[in-house]
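The values are calculated or read from the model by the stated rules, or taken from the named source; none is laboratory data. Remember, it's a predicted structure, so these values are computed and weren't measured experimentally. Glycine also receives a Cβ, built like all others from the backbone with ideal geometry; neighbour counts cover every protein chain displayed. For accessibility, only protein heavy atoms count, side chains too; no ligands or nucleic acids. Shrake-Rupley method; radii C 1.70, N 1.55, O 1.52, S 1.80 Å.
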Amino acid sequence: MPKYLKNSDGGPFVSAPHSPPGADKRYHDAMRQRWWQTIRWVTLGTMVVAVTLFGWYLGSFFLALGAPEGTVVDPIPERLLYPSEFFRSVWGAAFDQDGTETQNCESFVRFHPEDFPSPIPHVEIPQHPFMASNAGNNMHCDSYISDTYEVAGPFGLDVRVTSRTQGFGGYGTLTYDHAGRIVAVYSNARRFQLELMDPYTLEELASYDLPPRPWYWPLSGIMPWEYIGAGMYFFLDEQDRAVIPTTENTIQVVRVPEPGGEFELIREYDLAEHVVPKSWPKRDSVAWALPDWSGEHYWFATTRGVVGTVRIDSGEVRTLRLEGEIIENSFAVAEDGAYILSDYALYRFSQSMDGNIVVDWRTEYDRGPGKKPGHITRGSGTSVSLMGGLDGLVAMTDNAEPQIRLILVRRRDGAEVCSLPLFEEGESGTDVSVACFEHASNAGEGTGVYSVIVENNWGRNTFPRSQPQPGLTRVDIIRHEDGAYSCEQIWASAERSICVFKLSLGSGLVYTYWRREHCPVTHWYLTAVDFATGETVYRKLVGTGLGYNNWAGALFLHPDGGIAYSTTIFGLVMIRDGGR
């Protein structure tokens, strides 16, 4: 039976066993044209659906930035989703799928009672005479870079969460003035701003614009989330003045205002002529500054390996370049000098009688064969952390394969006294500072037992999604009667994180921040781990979605106790026990 179809000109033609010459070709041409029309309509429909969903996603993204009526600050919205999460939620809603949360996604999970952890007897970190209180004067708490707090953090009692956002951007460092107000630097990848905030409401009380990154900074090849230059770190001095390295290779000294006042620039030191010259668009950066113990100089360091001092009264600058070495991490200062870690060696620097910089000792370490997954650069990923008194230890990690090692050296001469490999072979690395201290007797005297907490950051991370391997581990170092030391791993936790975690000596809890892997929408949690046993005590939901992503940011505890803060890529969150 012949089949009747429409030809390309709209007329019928017959395809029969003995059709006229050319009929088969016309038939196949018509079928081909029909298939192409079908493909075009399917493609067009798919594009329309994709554009509609993407527009819906963008619309929800920007609408989410609006603040609820009557609020003091704009909270981080819950609807800032990864595209995959957004489309999954749309699919679930369209097909009426059950969205019931699993136990892994609950808002609060307690694994141990509130009295399970206990305070830790410890040797107090000496108070730097020219820095604000050790309750929080820089990113790492104190001049020893201990990442420990005397005060108790949240115990998980009727926990409440507050947040603030200005859109994309977060806070590198939080400090506290004499009144307990938050003094912090905010950045959205290019702009930097010094801010004063109410510690309980997160309301902005005053702000001060710092120099931004130059317009051409993206051409330097450094991704925003790998940036370690100026603006990320600063310290607060004993007079409530923020001392801030800036993107113009200056150090600004800015006074924190009284209630109702404004920030005031007191002095600015120009160090642009003292950094390593680089070809455009790359630049060396004065990234870190801390005062010496006498209060006469600021120590500073640049990312390309310049160590220097600037005399506070006259502005005189002395420098020493570490040829062929770079600096990635913040440094420590103590009574005996400045401790600085390059990608090759650990140093202690001091000053001679005539003000020149002196290398007291230099201890090389295994910098590894290359940059590890999840790291910013090759070499050690930790800051320099001090424990005990002048006869105490320096803690750091190397970058060895197949496992990094925790390394302990003597402060007085830089001699390595103990080391221990950490984490699984081939999946071992850290890119944040350790938390450490010396245990004390009931009388407050040092016992010669030290503890160090180290976090594993090894993982193939692509911003804004990180994939670190577990976990978190505690190592104890014991000084024996003959002066020798031994190292022992006490516990290993499977908790994951890439944040700058903190240890509360007052509550006996290690605080970290991470997401749950199997929730329909990403859930971000503050997690409390018992220092004594390594067991997870509780997990509190902070928020859902991209806005609560911490991405290698730091945690901070407020001097009042029971309050923790975490920076995120969309702002700042406060987690506090009820009644605080």
Looking across segment 63-89 at residues that are more than 25 Å from the chain's Cα centre (by Cα) and loosely packed, with under 14 Cβ neighbours inside 10 Å, the single one that is modelled with the highest pLDDT is Val72
Filtering segment 281-291 down to residues that are in a loop (DSSP other than H, G, I, E, B) and surrounded by 21 or more Cβ atoms within 10 Å (Cβ to Cβ) yields Arg283, Ser285
Of the candidates Thr162, Thr246, the one satisfying the condition of being open to solvent by less than 10 Å² (accessible area, probe 1.4 Å) and touching a strand residue (DSSP E or B) at 6+ places or on another chain (Cβ under 6 Å) is Thr246
Within segment 186-212, residues being within 17 Å of Glu262 (Cβ to Cβ) and part of a loop (DSSP other than H, G, I, E, B) number 2
Only one of (1) open to solvent by 60 Å² or more (accessible area, probe 1.4 Å); (2) at pLDDT 90 or above; (3) in contact with a Ser or Thr (Cβ under 9 Å, 6 or more places away or on another chain) does not apply to Glu273, and that is (3)
Within segment 307-321, the residues that are farther than 21 Å from Pro129 by Cα and buried (at least 22 other Cβ atoms within 10 Å of the Cβ) are Val307
Of the residues in segment 442-474, those that are surrounded by fewer than 17 Cβ atoms within 10 Å (Cβ to Cβ), of a type in the set (Ser, Thr, Tyr) and at pLDDT 95 or above number 1
Pairs returned, first residue in segment 177-197 that is touching a residue at least 60 places away in the same chain (Cβ under 8 Å) and among the basic types (Lys, Arg), second residue that is in a strand (DSSP E or B) and open to solvent by 20 Å² or more (accessible area, probe 1.4 Å), beta-carbon separation under 9 angstrom, 6 or more apart or interchain, are Arg181/Leu205
Of the residues in segment 475-516 that are charged (D, E, K, R), at pLDDT 95 or above and open to solvent by less than 60 Å² (accessible area, probe 1.4 Å), the one that is farthest from Ser451 (Cα to Cα) is Glu495
Could you tell me whether any residue of segment 221-229 is assigned to a strand (DSSP E or B), buried (at least 21 other Cβ atoms within 10 Å of the Cβ) and in contact with a Pro (Cβ under 9 Å, 6 or more places away or on another chain)?
-> no
Might you check whether a residue that is within 18 Å of Pro468 (Cα to Cα) and open to solvent by less than 10 Å² (accessible area, probe 1.4 Å) occurs anywhere in segment 407-416?
-> no
Picked from segment 230-239 (must be at pLDDT 80 or above and in a loop (DSSP other than H, G, I, E, B)), the residue nearest to Arg283 (Cα to Cα) is Met232
**Report entry** Selection status of Ile327, among the hydrophobic types (A, V, I, L, M, F, W, C) and under 18 Å from Asp177 (Cα atoms)
**Finding:** no
His439: passes all of (1) part of a loop (DSSP other than H, G, I, E, B); (2) touching a residue at least 40 places away in the same chain (Cβ under 8 Å); (3) not aliphatic (A, V, I, L, M) but (1)
Restricting segment 442-467 to residues that are part of a loop (DSSP other than H, G, I, E, B) and among the small types (Gly, Ala, Ser), the one farthest from His140 (Cα to Cα) turns out to be Ala443
The one condition Phe155 fails out of (1) buried (at least 19 other Cβ atoms within 10 Å of the Cβ); (2) modelled with pLDDT of 95 or more; (3) closer than 23 Å to Tyr298 by Cα is (3)
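Let's see how each residue does on (1) closer than 22 Å to Ala554 by Cα; (2) out of contact with any Leu (no Cβ under 7 Å at 6 or more places or on another chain):
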{"residue": "Asp240", "(1), (2)": "yes, yes"}
{"residue": "Glu248", "(1), (2)": "no, yes"}
{"residue": "Gln252", "(1), (2)": "no, no"}
{"residue": "Glu262", "(1), (2)": "no, yes"}
{"residue": "Arg267", "(1), (2)": "no, yes"}
{"residue": "Gly305", "(1), (2)": "no, no"}
{"residue": "Val333", "(1), (2)": "yes, no"}
Practice item. Consider Val161 carefully, then state whether it is touching a residue at least 60 places away in the same chain (Cβ under 8 Å) and β-branched (Val, Ile, Thr). Key: yes
Within segment 126-149, the residues that are under 17 Å from the mean Cα position of the chain (by Cα) and within 17 Å of Ile340 (Cβ to Cβ) are Asn138, Met139, His140, Ile145, Ser146
The one condition Arg515 fails out of (1) in a strand (DSSP E or B); (2) under 26 Å from Ile125 (Cβ atoms) is (2)
Within segment 543-561, of all residues that are over 18 Å from Ser466 (Cα atoms) and crowded, with 23+ Cβ neighbours inside 10 Å, the one nearest to the chain's Cα centre (by Cα) is Phe556
Within segment 177-205, the residues that are open to solvent by less than 10 Å² (accessible area, probe 1.4 Å) and hydroxyl-bearing (Ser, Thr, Tyr) are Tyr186
